[in-house]
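The values are calculated or read from the model by the stated rules, or taken from the named source; none is laboratory data. In this text the structure is predicted, and so the values were computed from the model without any measurement. Neighbour counts run over all protein chains shown; Cβ positions are idealised from the backbone, glycine included. With ligands, DNA and RNA removed, areas are computed over all heavy atoms of the protein, side chains included. Shrake-Rupley method; radii C 1.70, N 1.55, O 1.52, S 1.80 Å.
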Amino acid sequence: MAVRRQSSLGGIARRLVSSVAEVTMIALVRGAFAILRALGPDRSSALGGAIARAIGPLMPAHRTALANLKAAFPEKTDAERRAIARAAWDNLGRTGAEYAHLGTLFDYDHFDPKPDARVEVEGIEHFMALRDDDKPGIIFSAHLGNWELPAICAARYGLAATAVFRAPNDPAIAHVVHEVRSQTMGGLEAARPGAAFAMASVLEEGGHLGMLIDQHFTRGVTVPFFGRPALTNPVLGKFVRRFDCPVHGVRVIRLDGGRFRIELTPPLDLPRDTEGLVEVEGAMAAMTAVVESWVREYPEQWLWMHRRWRPPIAAQRTLKAT
């Protein structure tokens with residue numbers, strides 16, 4: 001009995017320590033965000049980029065970035081690929097620091113455009129068409145520039161959109177980032193088991209889904225990406241097959257002077273089967289081809305340090321067995 005009591009007390013103590021640690025970390029992250037807000041968007045972005053440029057190349061993920069770049073751009077020199085990798089770290093660091101300013105970064109006004117605006121938008125007519133057509137819709141994107149801005153644009157122009165996101169691994173950072181997103185964006189849906197049901201409900205009610213599609217998905221469909229097979233989450237392909245709704249791509253380009261350009265494509269013409277239904281794998285391949293064209297144009301703004309190309313689980317097991 002005494003052993004059980006001690007074990008129970010030990011469990012309570014561990015949970016208490018864990019809760020205190022998480023609350024402390026949340027306070028520290030909020031404090032860091034407060035400092036970044038005080039610095040202003042330009043200086044905080046520059047600081048985030050400088051830190052990432054200095055630390056990123058020392059991390060194991062840097063080797064992943066260089067390997068990915070060598071496979072994607074074999075024609076480039078080692079020096080060119082190293083420069084792209086360092087610039088990708090810079091973009092990642094800037095994006096992280098800019099979370100503190102998401103509420104003020106987006107200043108585009110279609111009805112009263114300002115020449116000195118921080119954000120410009122190409123394809124705003126497509127946002128408005130999606131808003132006014134009384135249909136569900138799908139918007140795919142990639143980790144380019146500051147990839148958080150399109151969801152803010154959609155919210156500002158009254159587009160009923162739910163952004164599907166993957167929370168940061170650190171609970172404290174995830175908590176504070178969710179606070180920021182909740183204040184600036186429309187609907188939010190975390191990528192988790194069962195999320196597909198919530199996503200389907202959004203489309204059933206005539207809403208719109210926005211999702212990043214450029215990361216590895218273990219149970220995904222295989223599509224070509226830079227000439228290599230890549231496993232991609234098929235959920236958007238399944239939804240467009242089911243709802244037969246318009247599909248647009250959106251990207252963010254980081255410009256000089258702390259500025260950004262958001263570009264929304266016209267609706268994609270996706271491959272269909274003999275019954276006239278959208279092909280799931282073909283749809284994902286078409287979307288991924290658009291993403292590849294974006295990355296080729298601005299390779300320094302993509303997340304090369306992610307392990308995008310991985311062998312299927314079955315192949316990994318076979319390699320381990322041998």
Output for the range 52-84, where each listed residue is more than 21 Å from A97 (Cβ to Cβ) and small (G, A, S)
A67, A71, A72, A79, A83
Have a look at R254, R241, R259 and point out the one that is in contact with a Phe, Trp or Tyr (Cβ under 7 Å, 6 or more places away or on another chain) and in contact (Cβ under 8 Å) with a residue 24 or more places away in the chain.
R254
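Could you please let me know if A97 is touching a residue at least 40 places away in the same chain (Cβ under 8 Å) and over 20 Å from R259 (Cβ atoms)? Working first, answer last.
Values: touching a residue at least 40 places away in the same chain (Cβ under 8 Å): yes; over 20 Å from R259 (Cβ atoms): no.
Taking the combined requirement at face value, the residue does not satisfy it.
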Need at least 3 residues that are more than 30 Å from D112 (Cβ to Cβ) and either modelled with pLDDT under 90 or open to solvent by less than 20 Å² (accessible area, probe 1.4 Å) (or both) per element, so show me which helices (runs of 4 or more DSSP H) inside the range 138-220 make the cut, counting only ones lying wholly within it.
171-184, 195-204
Just name the residue that is surrounded by the most Cβ atoms within 10 Å (Cβ to Cβ) out of those in the range 254-274 that are of a type outside the set (K, R) and more than 24 Å from L144 (Cβ to Cβ).
P271
Quick check: anything in the range 226-237 at pLDDT 70 or above, in a strand (DSSP E or B) and of a type in the set (G, A, S)?
yes
From the option list A61, A21, A32, A27, single residue qualifying as modelled with pLDDT of 95 or more, open to solvent by less than 80 Å² (accessible area, probe 1.4 Å) and part of a helix (DSSP H, G or I) is A61
Looking only at residues that are among the hydroxyl-bearing types (S, T, Y) and assigned to a helix (DSSP H, G or I) in the range 91-120, which one is farthest from N146 (Cα to Cα)?
T104
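Quickly run through the range 275-322 and pick out the residues that are of a type in the set (S, T, N, Q), modelled with pLDDT under 95 and either buried (at least 20 other Cβ atoms within 10 Å of the Cβ) or assigned to a loop (DSSP other than H, G, I, E, B) (or both). Explain how you work it out, then say what you get.
First pass over the range 275-322, keeping only residues of a type in the set (S, T, N, Q): 288, 293, 301, 316, 318, 322.
When the remaining residues are screened for being modelled with pLDDT under 95, the result is 316, 318, 322.
Result: T322, single match.
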Reported set for the range 89-116 where residues are at pLDDT below 90 and small (G, A, S) is A100, G103
So for the range 126-137 (the condition being modelled with pLDDT of 90 or more and assigned to a strand (DSSP E or B)), does at least one residue qualify?
yes
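Are any residues in the range 67-96 open to solvent by less than 50 Å² (accessible area, probe 1.4 Å) and small (G, A, S), and if so, which ones?
Taking the range 67-96 and keeping what is open to solvent by less than 50 Å² (accessible area, probe 1.4 Å), we get 68-69, 71-73, 81, 84-85, 87-91, 93, 95-96.
Matches in the range 67-96: A71, A72, A85, A87, A88, G93, G96.
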